[in-house]
Each structure stands twice: as C-alpha cells, then as structure tokens.
1. Say we look at segment 10-37 and pick out the residues that are in a loop (DSSP other than H, G, I, E, B) and hydroxyl-bearing (Ser, Thr, Tyr); which of these is farthest from Phe173 (Cα to Cα)?
2. Sort through Phe181, Phe189 and tell me the only one that's at pLDDT 90 or above and buried (at least 18 other Cβ atoms within 10 Å of the Cβ).
3. How many residues, within segment 146-176, are assigned by TED's automatic domain parsing to the domain that holds Ala18, out of contact with any strand residue (DSSP E or B) (no Cβ under 7 Å at 6 or more places or on another chain) and surrounded by fewer than 18 Cβ atoms within 10 Å (Cβ to Cβ)?
4. Quick one: in segment 48-75, of everything that is among the β-branched types (Val, Ile, Thr) and either buried (at least 19 other Cβ atoms within 10 Å of the Cβ) or in contact with a Ser or Thr (Cβ under 9 Å, 6 or more places away or on another chain) (or both), which residue is modelled with the lowest pLDDT?
5. Of (1) under 19 Å from the mean Cα position of the chain (by Cα); (2) of a type outside the set (Phe, Trp, Tyr); (3) within 25 Å of Gln198 (Cβ to Cβ), Ile116 satisfies all except one. Which?
6. In segment 151-177, what count of residues is obtained for those that are over 16 Å from Ser77 (Cα atoms) and in a helix (DSSP H, G or I)?
7. Given the conditions (1) in contact (Cβ under 8 Å) with a residue 24 or more places away in the chain; (2) buried (at least 17 other Cβ atoms within 10 Å of the Cβ), report the number of the one that Tyr118 does not fulfil.
Amino acid sequence: MSYLINDELIWIITPKCASFSIENALKKSKLKIEPFLPPSFIRREQHIHVTVNESLERFGKKETVFINRNWVSKWISALGFVWQMIDVKFKNYDPIIKWEDVDNDFIYKTFDTDFINYLNTSIMQGDSFRKLLKNNNSSPTTSDLEAAEMQGMMSTFISNKYYTSNQKCTYEFDISELDKFVELIENKFGEKLVIHHQNKSTLGPNKMIIDEKFKQWIWDNFEKRYEKENKLI
C-alpha cells in the first residue's frame, strides 16, 4: 500500500526498505494517515505495495517520498525474507533447500526464465513461490489469505523502479538515512517519528558468493527490465 500523511505527502512503501518499521511508527504517531487499500485486499492490515502512479491516481497530485536501497542488498534481503517466512508463516511447507545450503548454482538453476516471468506477473507470483517448496504438490490447498501472502512475499524481489513508476519522487532517502525521513516529517508536520527496527532476519550465512557475475545476474533479470518503462513484462 501507500499512505497519505496529513493530506499532503504520499509515502510510497517499497519492499525490504524498512517498510514495516516506518508503517508501525506512523500508526503509533499522532499524524493523520490514510492508507491506499486496493480492492484486492483480503484484510485491512495486509501489507502490500503499490506504485507511485496508482497512489497519485488515488490521492491526487501530492508530494511523494520513498526509501531506497542498493538493489543487490535488497534482492539478497528479499531472498532471506522468503526463506524465513516459509518457516514462520507456512509451517505445512518445507523449502526446496535449506537456507545454509543455498549457493549461486542453486539460484541460477532455480530462478530460471519461467520463474522470473512468473515473478513479474502478479497473478502468477504464487506459482514462483511454490517452486521454492519441497512439498508443493502434497501440501494442503492454500487459502485466499495464504495465496495473497505468497504473492506479497515474492513481490519483494521486484525492482524499486517499478514501485516508483520509474520516476523521481519529491523526496528520496537511502535506507541508511532514516534520520532524514524522520527530520522531513518533523519539519513538515511537527511530529517526531520513533522508528524501531523490525522484521530483522534471524538467518545465518549460506554458500552464496556475491561476486560480479552474481551482481550482473541480478541486474539483468530484476533491474534492467525497469530502466526505461514501468510495466511487468
């Protein structure tokens, strides 16, 4: 989703960029916040992500702000997030491989062309998630809520360029600059947010090697498609 803050500023929620931490800080503040709730929401508290263009269409022409993150770091964080959520939320399933055994060859083999195309088509994201499960054929049928959560998890791999509609927002801060986001809110609205780090990974190391080949693979498959136009292809 996105939030309209005090009828003036739209915060664009970008995945794996402190979105849960900021959202909770906003909810605990005295600010007036209005969430953009798409018709597809299963429940009001569901945490998903929408684009700048969708947000401007919903709230009107307003200033926008988002938190960015290095695309390599974001992708690796998304990978760990999915493995952790399989353990936390989907206890009827097992990952196709233990986290500590994930290596570059596994990534190249598993995240093939079909997987990536499913990942970048919203109605097929659940299919890409199931490819990461060992027991995807024997597990119980997923509920609508579980299907929505699967889709939401897999959307974390998608480039921030998609969520920002490949355009410049009014304010942009790196994830290491949350103090600047806090300062912006305080200067504009007189409210000092208290942001606590949430959703922190508890996973240990694995066998991935973040070399230039791996970085180029992430760029070619998850970033390059959004360089010039903002659409899922």
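1. Within segment 10-37, the subset in a loop (DSSP other than H, G, I, E, B) is 13-18, 29-32, 36-37.
Among the residues that remain, those that are also hydroxyl-bearing (Ser, Thr, Tyr) are: 14, 29.
Numbers: Thr14: 12, Ser29: 20 Å.
So the residue we want is Ser29.
2. Numbers: Phe189 fails: buried (at least 18 other Cβ atoms within 10 Å of the Cβ).
When all the criteria are applied, what remains is Phe181.
3. 3
4. If we filter segment 48-75 for residues that are among the β-branched types (Val, Ile, Thr), which is where we start, we get 48, 50-52, 64-65, 67, 72.
Right, trim to either buried (at least 19 other Cβ atoms within 10 Å of the Cβ) or in contact with a Ser or Thr (Cβ under 9 Å, 6 or more places away or on another chain) (or both) and you get 48, 50-52, 64-65, 67.
Numbers: Ile48: 66, Val50: 86, Thr51: 90, Val52: 94, Thr64: 97, Val65: 97, Ile67: 96.
By that ranking, first place goes to Ile48.
5. (3)
6. Qualifying residue count, segment 151-177: 5.
7. Looking at each condition in turn, Tyr118 falls short on (1).
The values are calculated or read from the model by the stated rules, or taken from the named source; none is laboratory data. All of these numbers come straight from a predicted model, not from anything done at the bench. Virtual Cβ from ideal backbone geometry, glycine too; neighbours counted across all protein chains shown.
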